[in-house]
Amino acid sequence: MNTPPTSRPAEESFAVRKATRPAWDVLSERALEILIYLCGISAIVFVLGIFFFVFKEALPILGNSHFSLTQFLFSDQWYPTSELNKRYGVFAMIAGTFSVTALAMLIAVPFGLGAAIYISEFCGGRTKETLKVVIELLAAIPSVVWGFIGLTVMSRLIVNYTGAPVGVNILNGGIILALMSVPIIVSIGEDALKAVPDSYREAGLALGATRWQLVRRVLLPAAKTGLLAAVLLGVGRGVGETMAVLMATGHAVHIPHGIFDSVRTLTANIAAELGEAPANSDHYRVLFLTGVLLFALTFIVNLAADLVVRGIRRR
Amino acid sequence: MTCTPTIAVRDLRLAYGQKEAIRGISFEILRNEIFGIIGPAQSGKTSLLHCLNRTIDFTPEARVSGSIRVDGEDVRQTRNIFALRRKIGMVAPLPVGLPLSIYDNVAFAPRCAGMRRRSELEAIVEQCLRQAALWDEVKDRLDSLGTKLSGGQQQRLTIARALSHQPEILCLDEFSIAIDPVTTMRIEDVLKELRRSMTIILVTNLTQQARRLADRTLFLWKGRIVELDHTDIIFSGKPANRQTYEYVNGIFG
Ligand SMILES: Nc1ncnc2c1ncn2[C@@H]1O[C@H](COP(=O)(O)OP(=O)(O)OP(=O)(O)O)[C@@H](O)[C@H]1O
Ligand SMILES: [Mg+2]
């Protein structure tokens, strides 16, 4: 031990501090660790729990001799309360969900991404702040209010301007869903663009690119994963939304042939009928099976998205 | 060497907020010369280049006064800033590879200028990568990301990119800080070739590099010109100004 005397005090004080670190400190740190671990686990447990509960309620129907899974998936005959011949086909509602979501995305994706690009790249200062506040406000409107707007304002507009016999239809639901998804796409898309380092913008502009060329050739490729995530969250909202589409799409079970046809979506069907179906009846179980189907659909969408994102990342 | 000025700077001043970076300088750069700029850190060399192609606009608190004329046109009043920036190739000291493939990095500026034909683009990409002494190392992986190259390779990629829009003026800001001596020599040889077709502004901390390449050298210090003269006079051992002598001989400060 021939350390020079001057360095001794420092070493000692270090050792002292370490030794007297209060037990409470150590304990609370450990407790916090466990708490965070539990939070993480519980998220998984809850999702699995929900899935099992829904699946358990639906399971008995699969063994029922009156019920056929192919009929459930591919028939458009939905007569759950018929006295003589009950039929449980949800194909028309699958078609309804897809058509409303597809139309909504057709409207919302270009608008949402366009607005995100405008806010992030082409406007500054006060305009930018105002737009962001307005969009956050739009995101906060509850879905039943959107449904109400669809049922009254939008439906009247559609009847007046297109001459459609009823105003509650795919177009109405699509527009309402689009209006609900746009704020999500805009705010997440804008975050994705904001995350692109300024040095890329400066390098691109220094090479003589115009603003628009910069967006197209640098920012979109650089932010593509984030922008895709924005679009997918919008799609998720479209598939999962219940109240607004229940009110805006007309709730008619039939396979649509055009955007002025009324449809019913899977989610709206569950919301509307679960309260009336006697517990543990076939009808009740089929509605739970519809829930399982929705689970599967969202899972497929997410998985597909994940694969796409990975594919993009690898390139 | 023809003796028409291609760049004429008049009483240029630049301040970042309250902090003055360039304090009134005037000089001319002649067509097809290699113009060296030397000076200690913070002397305003990089800021001067930013004024030339107006990338100084990206710094909101920067205030510029005076005039810079490129081929007679005042860059501060230019109508077409995109054309101006294409006319001036800029190599920054810290390379910023765009998050694109090597090919797309070099093809970026020609595409922005409206070049679409594959054969033309391929030819220009190959030519620029060769001039930047990078072609042999990357020719088999033009599709991989430019940002995955090594530091020195990225720097050469930015040189190729600066050449890709066939600028009339090429500004190099300490281009060799991340490049090994052998490759640096190869690029210096290319610069000697390029001066036939363009004007080159060479900012460098290696005074010997200016001595090897530059026709004239400007010594900048604290935002002022200390001396501007033919390179052999600057390095002759008896330049007009004593500070110049001390700086180029490493006894400054
Ligand atoms: N973006 C900026 N904002 C504020 N001040 C800046 C900015 N860029 C440069 N400066 C200041 O301007 C002065 C000149 O900087 P500049 O980068 O031009 O020096 P330089 O000669 O290129 O130095 P070096 O040899 O270190 O690259 C410095 O004092 C610097 O702090
Ligand atoms: Mg510098």
Item to check | Tally of residues being assigned to a loop (DSSP other than H, G, I, E, B) and in contact with a Gly (Cβ under 8 Å, 6 or more places away or on another chain) across the stretch B:128-161 | outcome: 1
Checklist entry - Hey, does the stretch B:148-157 have a residue that's within 16 Å of ligand 1 (Cβ to nearest atom) and at the interface with chain A (Cβ under 10 Å from one of its Cβ atoms)? => result no
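Let's see how each residue does on (1) within 16 Å of ligand 2 (Cβ to nearest atom); (2) touching a strand residue (DSSP E or B) at 6+ places or on another chain (Cβ under 9 Å); (3) not β-branched (V, I, T):
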| site | (1), (2), (3) |
| --- | --- |
| B:I7 | no, yes, no |
| B:R10 | no, yes, yes |
| B:I29 | no, yes, no |
| B:N80 | no, no, yes |
Next on the checklist: Quick check on A:L193: is it under 30 Å from B:R79 (Cβ atoms), among the aliphatic types (A, V, I, L, M) and out of contact with any Cys (no Cβ under 7 Å at 6 or more places or on another chain)?
Outcome noted: yes
Next on the checklist: Within the stretch B:17-34, does at least one residue satisfy the condition of being touching an Asp or Glu at 6+ places or on another chain (Cβ under 8 Å), more than 8 Å from ligand 1 (Cβ to nearest atom), of a type in the set (S, T, Y) and under 18 Å from B:K222 (Cβ atoms)?
Outcome noted: yes
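Residue-wise test of (1) facing another protein chain (nearest Cβ under 10 Å); (2) in contact (Cβ under 8 Å) with a residue 40 or more places away in the chain.
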{"site": "A:V159", "(1), (2)": "no, no"}
{"site": "A:G163", "(1), (2)": "no, no"}
{"site": "A:V166", "(1), (2)": "no, yes"}
{"site": "A:V186", "(1), (2)": "no, yes"}
{"site": "A:Q213", "(1), (2)": "yes, no"}
{"site": "A:L228", "(1), (2)": "no, yes"}
Checklist outcome for this item: Here the residues within the stretch B:32-73 that are in contact with a helix residue (DSSP H, G or I) (Cβ under 9 Å, 6 or more places away or on another chain), more than 16 Å from ligand 2 (Cβ to nearest atom) and more than 26 Å from B:T4 (Cβ to Cβ) are B:D57
Next on the checklist: Given the condition away from every other protein chain (no Cβ under 13 Å), in contact with a strand residue (DSSP E or B) (Cβ under 7 Å, 6 or more places away or on another chain) and of a type in the set (S, T, N, Q), answer yes or no: does some residue in the stretch B:94-102 qualify?
Outcome noted: no
Checklist entry - Does A:D198 count as acidic (D, E) and either in contact with a Phe, Trp or Tyr (Cβ under 6 Å, 6 or more places away or on another chain) or more than 10 Å from chain B (Cβ to nearest Cβ) (or both)? => result no
Checklist entry - Any residue in the stretch B:128-140 that is on the phi > 0 side of the Ramachandran plot and surrounded by 14 or more Cβ atoms within 10 Å (Cβ to Cβ)? => result yes
Checklist entry - Going by the conditions given, is B:F219 closer than 22 Å to B:A8 by Cβ, of a type in the set (F, W, Y) and in contact with a strand residue (DSSP E or B) (Cβ under 9 Å, 6 or more places away or on another chain)? => result yes
Checklist entry - Scanning the stretch B:108-127 for residues that are under 16 Å from A:V215 (Cα atoms) and of a type in the set (A, V, I, L, M), which turns out nearest to the other protein chains (Cβ to nearest Cβ)? => result B:A109
Checklist entry - Given the structure, is B:I233 closer than 21 Å to B:S26 by Cβ, surrounded by 15 or more Cβ atoms within 10 Å (Cβ to Cβ) and at pLDDT 95 or above? => result no
Item to check | Which numbered condition B:M185 fails, given (1) among the aliphatic types (A, V, I, L, M); (2) at pLDDT below 90; (3) more than 14 Å from the chain's Cα centre (by Cα) | outcome: (2)
Checklist outcome for this item: Within the stretch B:177-201, the residues that are within 16 Å of ligand 1 (Cβ to nearest atom) and crowded, with 23+ Cβ neighbours inside 10 Å are B:I201
Next on the checklist: Take the conditions under 17 Å from A:F148 (Cβ atoms) and small (G, A, S) and apply them to A:G226. Does it pass?
Outcome noted: no
Checklist entry - Only one of (1) touching a residue at least 60 places away in the same chain (Cβ under 8 Å); (2) facing chain B (nearest Cβ under 10 Å) is not met by A:A222, so which one is it? => result (1)
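Listed here are the residues, each with its yes/no results for (1) away from ligand 1 (no atom under 16 Å from the Cβ); (2) modelled with pLDDT under 90; (3) among the basic types (K, R).
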residue	(1), (2), (3)
B:L14	no, no, no
B:C51	no, no, no
B:E61	no, no, no
B:A83	yes, no, no
B:G97	yes, yes, no
B:I102	yes, no, no
B:C112	yes, no, no
Item to check | Residue selected from the stretch A:249-295 under the condition more than 22 Å from A:G174 (Cα to Cα) and of a type in the set (A, V, I, L, M), by the criterion surrounded by the most Cβ atoms within 10 Å (Cβ to Cβ) | outcome: A:L287
Item to check | Members of the stretch B:163-183 that are more than 16 Å from ligand 2 (Cβ to nearest atom) and under 21 Å from B:G36 (Cβ atoms) | outcome: B:L163, B:P167, B:E168, B:I169, B:L170, B:I179, B:P181, B:T183
Next on the checklist: Every residue in the stretch B:88-104 that is under 12 Å from the mean Cα position of the chain (by Cα) and away from ligand 2 (no atom under 16 Å from the Cβ), please.
Outcome noted: B:I88, B:G89
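The values are calculated or read from the model by the stated rules, or taken from the named source; none is laboratory data. The model shown is predicted, which means the values in this text are computed figures rather than measured ones. All Cβ positions, glycine included, derive from the backbone under ideal geometry; neighbour counts span all protein chains shown.
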